[in-house]
Amino acid sequence: MTIGADAGIVDWGVYIATHRLPTSVLAGRKAKGGPERAIAWADEDSVTMAVDAARRCLKDRPRDNIDLVIFATTTYAFDEKQGAALISAVLGLPKSSRTADIGHSLRAGADALMLANDAVASGNARNALVMIADCRLGAPGSELERSGGDAAVAFLIGREDVAARLTAQAVHSEEIVDVWRRNGDRFTHGWEDRFISQYGFQEPSAAVAAKLPSAAESMSRTWALSAPNRRALGGLARTLGITPDQLITNPYDTVGYCGAAHAPLLLAAALDNARIGHEIAMVAHGDGASALLYTVAEERGSRAFADAVADRIEVTSQAAYRRARRLDPVEYEPADDQGISATIHFRERAEDLRLQGQRCQCGEPQFPKQRVCIRCGARDCFIAEDFADQAGALVTYTLDAFFPSPTPPTAVGVVQVENGPRIYMQIAGLAKGNPTLGMKLRFAFRRIHDAGRRPNYFWKALPERSRS
Amino acid sequence: MSLKDKVAVVGVGCSQFMENWTSSADDMIVDAVFEAYADAGIEDPNRQIDAIYCGSLYSAMGPVDVSEALKLYKPLTSVYNYCATGTEVVRAACMAIAAGVYDTVLAVGYDKPKDRGVSGPPVAFRGVRDLPATPAGWFALAAAPYFEKFGAGREDLARIAVKNHHNGTLAPKSFLKKEITIEDVLNARVISWPFGLYDCAAQTDGAAAVIVTRADLASDFPKQPVLVKAITSHCSPNPHTDPDHDFLRWKATEYAARDAYRMAGIDDPFNQIDVAQVHDCFTMTELVSYEDLGFIEKGAAKDHIASGTFELGGHLPVNTDGGLKSFGHPTGATGARMIVENVLQLRGEAGPRQVKDAKLALSHNIGGYPTGCAVSILGVE
């Protein structure tokens, strides 16, 4: 199906889990520069990664004209409770925006991009934010444990300032039991790999790709394919008659295969380097396959993908990975109880989700919100203020090994927000050795604990990135 | 407004501080209180005691523990201020006497944390972001800025632990009677940087009791009366959100000490006070408290630790019975235990750890994030 309207991708952001697990470390050996995968750390999940990708995507862009928010993932903590509404609250998007989660299939991301484009093209939404995130945690010892990858990508869809217009889309739906997770399953199950590859990936991908219009003489087409490994990629490329230089390089040895986020991640990488006169075709498989064809409208010269790949912390021991992903038995499982008071969470949701504090009429910034100003003593003279996008500096810290954590010791400190209050919080992403007083910090949305066996989210301070 | 010389301590008692696996809170309350009865010559508590003030952090039942354990059914008030609870119990008792409400009051601090099956304080999840909530983590926040500004380090903290372990060997009711070395401290497993295991107080069970009466009635009791020269309490802003805090001090101690010195008429604490029990929940807490209490200038602790100022036999001995570090820290009991030790010191009953000719003794608790501090100054003529 070809599309007449001028809707498409306005901007994009990429977050790849910064922890990288070398295959050698996973095998219990030392890291030695071989292949590795991105692994979401103990304080990360699809929601936190989606938030990070979305913050990068929306940097310096208005948020009040986003009328549709879609969160696409196959790895989300709740069967009942929406992710898109949570993330909308974190990002401070309008409460009147439509929100939806799309899941259950590896092509969830591609379908989310189609639906968002339809809504924008039809005029029902001015702009749409699509976030696609997945964590591919394989069972210990499985092929997926080595080859999976954890990443998120976010796209802003609109009709103005479009970088790549969606010109065609196609779907091929298929019933197949090739890979699956039942309710409550932690790890993905799969049938024999040759069956998965042929009927789960190759045939539906080829079928849907064939529905895209063929490239015009003047256009060169780049392909972003969701192949789970090199052999599958080569097979589909041969079937479609795609030459290697027409493929976006698959980051199998640096990031891994990122599930629903994989093809969209490649789409973002293609957009980074896109040239006028190019087309980008994205094909994502899963219960059939979906394909989208974009025509480049504006060259951005972005480094979204390359910077996300480069932002890297090497995992140096298998034990650290196993602890972070909670793969080993523990003396006591986390208590199955009500968890954090839902009413406290409800009252404090702006503080917890948006790092929202306040500023008194006397000028004193404060976090958390208080009724009485610590500086001037006035009551209720405050204006709410979000601090998540501010820079911070470390006032003091400790490394707490007593606090129960899968990744001890827990770095905690007091952070001075630039032109803001001080906040007592955890510090993540530290290199070896103690942090230094005064070091520059930024804020990241993280899953800080699992009380009540559900994710509890707050912000952590991270060292400022050396690259933008 | 002052409490000075209006109230006297006439009896003290203390249970053994240890991991009392075979004793209940009731058992220890009885041990401490009956020792205090005997010390005060009280034979008929139902007639001679007018009211009870008590405090505990871990007790599920609160006041009922004390009245039922003692079978002493009197007006009973439960007091709570984190680690300053023990001193606050005595302060409340003193104020009731000074107000003319009661003549003689029993103050009891106690705790029984060792029935929980875990070492150290509880780590609880409350609000989503109230983490991590460990006392070691809170009190450690003074270390990095202090070390950077004044050039102190873990060795200086270690000397405090070594001193308090030594003093603990001289106190019959202390938990840890074991000398340690600086290397022991530096090589212990890390709890919360810069604190290793030996930088942390020993959590124990225990109870301590103090009997106070009107100063003009004190001569009716057998022992030499010990006068309350000052007993004060002060809060400070939560250091985690205080926009002005420098993390070189804990403000609550500065405020409570200032009030105590004013009440007691002290202008040179380093030379006027003869012995002090200082809240050493962690070694760093004792270090900054030397300065926050005005004993020495801010930043001078390192030199005084090296020269032995605060050791037994030094200019101002601190934590003569081993402190929280070595005597043990049953949270609600600790402030009351410090007052027991100061009374023994002022009466000259402290045995091998006796500070010669002690006339004025200070005790100090700080707790919370920390946010609350209580200080007492006792004296004999």
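FYI, it's all coordinate maths here, none of it is from the lab. Not measured: the values here are computed from a predicted model. Reconstructed Cβ throughout: ideal geometry from the backbone, glycine too, with neighbour counts over all protein chains shown.
In loop segments of segment B:19-119 as defined by DSSP, the chymotrypsin sites (Phe, Trp or Tyr not before Pro) with at most 11 further C-beta atoms inside 10 Å of their C-beta are B:21, B:73.
For a footprinting-style exposure proxy, rank A:367, A:71, A:445 by other Cβ within 10 Å, fewest first.
Details: A:367 23, A:71 31, A:445 27.
Taking fewest neighbouring Cβ atoms as first place, the list is A:367, A:445, A:71.
Remark: spin-label model distance residue A:383-residue B:177 equals 6.7 nm, labels positioned 7 Å along the Cα→Cβ axis.
Can you give me the long-range amide H partners of residue B:53? Hydrogens built in the peptide plane at 1.01 Å from N, cutoff under 5 Å, separation of 5 or more residues or another chain. Under 5 Å from the amide H of residue B:53 lie the amide H atoms of B:77, B:106, B:107, B:108, each far enough along the sequence or on another chain.
Residues whose amide H falls under 5 Å from that of residue A:12, counting only those 5 or more places apart or on a different chain, are A:156, with hydrogens built in the peptide plane. Stretching residue B:307 away from residue B:73 to a fully extended chain increases their span by 79.1 nm, per 0.36 nm per residue minus the current alpha-carbon distance. Sorting A:383, B:29, B:52 by the number of Cβ atoms found within 10 Å of their own Cβ, with the fewest placed first, yields A:383, B:52, B:29. The mean count of C-beta atoms from other chains within 10 Å of the C-beta of residues in B:136-147, rounded to a whole number, is 5. Against the main long axis of the alpha-carbon atoms of chain B, helix B:251-264 sits at an angle near 40°.
Which order, highest average first, do A:298-310, A:231-243 follow once you tally other Cβ atoms within 10 Å for each residue and take the mean per peptide? Mind showing how you got there, number by number?
Working: A:298-310: 17.3, A:231-243: 15.5.
Those peptides, ordered most packed to least, come out A:298-310, A:231-243.
Under a point-charge model restricted to the Cβ atoms of Lys and Arg (+1) and Asp and Glu (-1), what is the dipole moment magnitude of segment A:30-142 relative to its Cα centre, in debye to the nearest 20? Value, rounded to 20: 360 debye. Ordering A:353, B:332, B:295 by Cα displacement along the dipole of the protein assembly as shown toward the positive end leaves A:353 in first place; charges were set at the Cβ atoms of Lys, Arg (+1) and Asp, Glu (-1).
Under a straight-distance cross-link criterion of Cα-Cα below 22 Å, which lysines are reachable from residue B:71, leaving out those fewer than 8 residues away in the same chain? Output for residue B:71: B:112.
Could you name the aspartates and glutamates whose alpha carbon sits less than 13 Å from that of residue A:30, not counting residues in the same chain fewer than 8 places away? Reachable aspartates and glutamates: A:314.
The distance between label points at residue B:46 and residue A:210 comes to 10.1 nm (points 7 Å beyond Cα on the Cα→Cβ vector). Charges were assigned to the Cβ only: +1 to each Lys and Arg, -1 to each Asp and Glu. The resulting dipole of chain A about its Cα centre is roughly 1060 debye. Hey, which of these cross-link pairs are over 24 Å Cα-Cα: B:229/B:356; B:163/B:298; B:149/B:177; A:59/A:440? Too far apart for the 24 Å limit: B:149/B:177. FRET efficiency for the pair residue B:126 and residue A:186, taken as 1/(1 + (r/R0)^6) with r the Cβ-Cβ distance and R0 = 30 Å, rounds to 0.60.
Taking other Cβ atoms within 10 Å as a rough exposure proxy, A:278, A:19 sort from fewest to most as A:278, A:19. Distance from the alpha carbon centroid of segment B:70-107 to that of segment A:344-423 works out to 37 angstrom.
Evaluate the relative contact order of chain A (contact order divided by residue number), counting alpha-carbon pairs under 8 angstrom at least 6 apart; express in whole percent. All intermediate terms of the calculation are to be shown ahead of the outcome.
Working: 1093 pairs, mean separation 79.9, N = 468.
Once normalised by length, the contact order is 17 percent.
Given +1 on the Cβ of Lys and Arg, -1 on the Cβ of Asp and Glu, and no further charges, what dipole in debye does segment B:231-336 carry about its Cα centre, rounded to the nearest 20? Let's see the in-between values first.
On the way: 7 positive and 16 negative charges, 38 e Å.
The dipole of segment B:231-336 has a size of about 180 debye.
Modelled label positions at residue A:194 and residue A:220, each set 7 Å beyond Cα in the direction of Cβ, lie 3.8 nm from each other. Shielding value for A:401-411 is 5, the average number of Cβ atoms from other chains within 10 Å of each residue's Cβ.
Take each of the peptides B:183-193, B:364-374, average the number of other beta-carbon atoms within 10 Å over its residues, and list them starting from the highest. Walk me through the intermediate numbers first.
Details: B:183-193: 17.8, B:364-374: 26.5.
Going by the mean number of other Cβ atoms within 10 Å, highest first, we get B:364-374, B:183-193.
Rounded to the nearest 0.05, what FRET efficiency do residue B:148 and residue A:104 give with R0 = 60 Å and r taken as the Cβ-Cβ distance? Could you check? The value I calculate is 0.65. Calculated mean residue ellipticity, 222 nm, chain A: -6000 deg cm²/dmol, from DSSP H runs (n ≥ 4) at -39500 (n - 2.57) each, averaged per residue and rounded to 500. Quick check: the angle from helix B:154-168's long axis to the longest principal axis of chain B, C-alpha only, nearest 10 degrees? With rounding to tens, the tilt is 30 degrees.
For a quick protection proxy, order the peptides B:62-68, A:199-205, A:181-187 by their average other-Cβ count within 10 Å, most packed first. Please report the intermediate quantities before stating the final value.
Numbers: B:62-68: 17.6, A:199-205: 22.7, A:181-187: 9.3.
Sorting B:62-68, A:199-205, A:181-187 by mean packing, highest first, produces A:199-205, B:62-68, A:181-187.
For segment A:342-463, averaging the sequence separation of C-alpha pairs within contact (under 8 Å, six or more residues apart) and dividing by the residue count gives a relative contact order of 22 percent.
For chain B, what does the helix formula give at 222 nm: sum of -39500 (n - 2.57) over DSSP H segments with n ≥ 4, over the residue count, nearest 500 deg cm²/dmol? The helix-only estimate for chain B comes to -10000 deg cm²/dmol at 222 nm. Between the Cα long axis of helix B:331-347 and the first principal axis of chain B there is an angle of about 70°, rounded to the nearest 10.
Extension gain for residue A:430 to residue A:80 (0.36 nm times residue separation, less C-alpha to C-alpha distance): 122.5 nm. Given the options A:278, B:232, B:319, identify the residue whose Cα lies farthest towards the positive end of the charge dipole of the protein assembly as shown (+1 on Cβ of Lys, Arg; -1 on Cβ of Asp, Glu). Result: A:278. Segment B:363-381 and segment A:44-120 have Cα centres spaced 54 Å apart.
On average, how many beta carbons from a partner chain sit within 10 Å of the beta carbon of a residue in A:389-398? Walk me through the numbers before you get to the answer.
On the way: counts 0, 0, 0, 0, 0, 1, 8, 14, 8, 16.
Taking all residues of A:389-398 together, the mean is 5.
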